[in-house]
Amino acid sequence: MPASVVKPFLIVKDAEGNFHLTVRETRHNSQGYPWVLQTAVEQTFKTTATARAYAIDQFGAKPGEFSSR
């Protein structure tokens, strides 16, 4: 059974209308099972475009590596 691929950057909107960026890293244990490590970026963003620009600048993100779910 193939594991679903987790995109490394998650952008979500909170109740106040700010956007938050989470950096996700997938690792595998000794039996090959995936572990997803998530690290939230403390900074908030006004738009998804600014969150994407931050990820590109700070982490070298590429198009297609972003998710909103």
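Across the chain, Cα pairs under 8 Å and at least six residues apart give a relative contact order of 36 percent. Only one residue of GLN31, ILE11, LEU21 has its Cα farthest out toward the positive end of the dipole of the chain, where Lys and Arg carry +1 and Asp and Glu -1 on Cβ, and that residue is GLN31. Scaling the Cα radius of gyration of the chain by the globular reference 2.2 N^0.38 Å produces a ratio of 1.21.
Each Lys or Arg adds one and each Asp or Glu subtracts one; over the other residues with Cβ under 12 Å from the Cβ of TYR54, this totals 0.
Laboratory data are not the source of any read-out in this text; all were calculated from the coordinates shown. Predicted model only: the values in this text are computed from it and were never measured. Neighbour counts run over all protein chains shown; Cβ positions are idealised from the backbone, glycine included.
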